[in-house]
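Here, each number is a calculation from the coordinates, and none is a lab measurement. Small disclaimer: the values here were computed from a predicted structure and weren't measured. We place every Cβ from the backbone using ideal geometry, glycine too, and count neighbours over all the protein chains shown.
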Amino acid sequence: MDLSDEDRTTMNGWKPEYRDSARPYTLVIRHERGPILIGQPQRLHDGTITAHLGIPAGRRRSWHIVDERYAVCACCNHPHPCQEYAMERVADAEADRLARLLDSHAPGVCMACREPVTTRQKVIVFPEPSPLVPGAPGPTFHANRWACWADARSYELGKRLPAHPNAARLASCPGLLFRHEGSGREECTAERLCTGLHGPNGNRGMSCFTRTYMFGVNGGYPRPPSDCGYRQHGACLGADVSLGGPDPFTVGDEIDRNSWSRR
Ligand SMILES: [Zn+2]
Ligand SMILES: [Zn+2]
Ligand SMILES: [Zn+2]
Ligand SMILES: [Zn+2]
């Protein structure tokens, strides 16, 4: 088989001892029964249908070779599992997923843990209809459980704010929270834009000497806005150029800030 420039480039990316196994090749497959799903099949004189598959360079894969005796579906005589069987399985899985999603949107139920929320518990109720289930009201989350809060936060960042960029946040902050070792004070990289929505009280926020690389080492790490004077463990990271928070500010944050500064 002639090598194209592309094949050569791909093969040169492999170690010399493996280069041969990365060669492109042609696979000839013979049709047994059932639908013909790939390639441009050719019918030979004896009625056999074959197809030639070109496998590009570097695409090593192991092929599943069908045994002389293989199982056949009772409904359609195609090799088992037949396409219809596979489609039914996919539909079943999709129905299960939808049912679980609907359950999680039931009124008075926390979408994260799917336990009922009692009137005495602190909850987050998102006011906009859910983008996940058509016609369903916004989901509810426990506000006082860390695991449920984390899910509410990812719902807000991943689903709600993209759909409603002007919405005021209910379960997230554009900044990262630090806990100063020297003073015990909490400080957020969003400063004036901090929503205070960093989850249930308790052991929240990173220690002010913790470097959390956001985009690899070269991407830098966020720092608290001020230095508490703590000198152990690599010292407080504050009072230096902040390299930004974990997610970009939204229009809603800007509106919040403007209405705040007018007060
Ligand atoms: Zn079948
Ligand atoms: Zn919950
Ligand atoms: Zn500090
Ligand atoms: Zn904050």
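If you look at the Cα atoms of the chain, you get an Rg and a Dmax of 28.9, 87 Å.
For region 111-246, the extents of the C-alpha atoms along the principal axes are 53, 32, 25 Å, listed from largest to smallest. Given the Cα-Cα distance of Glu88 and Asn166 and 0.36 nm per residue of separation, how much length would full extension add, in nm? Full-extension gain reported as 24.0 nm. Can you bin region 5-67 into rounded, prolate or oblate? Criterion: square roots of the alpha carbon gyration tensor eigenvalues sorted a ≥ b ≥ c, rounded for a/c under 1.5, prolate for a/b above b/c, oblate for the rest. Since a/c reaches 1.5 and a/b is larger than b/c, the shape of region 5-67 is classed as prolate.
Over region 24-127, what portion of Cα pair distances is larger than 20 Å, expressed as a whole percent?
65 percent
The simple spin-label model puts a point 7 Å past each Cα toward its Cβ; for Ser154 and Glu115 those points are separated by 1.9 nm.
Residue-normalised convex hull volume from the C-alpha trace of region 108-170: 78 Å³ per residue.
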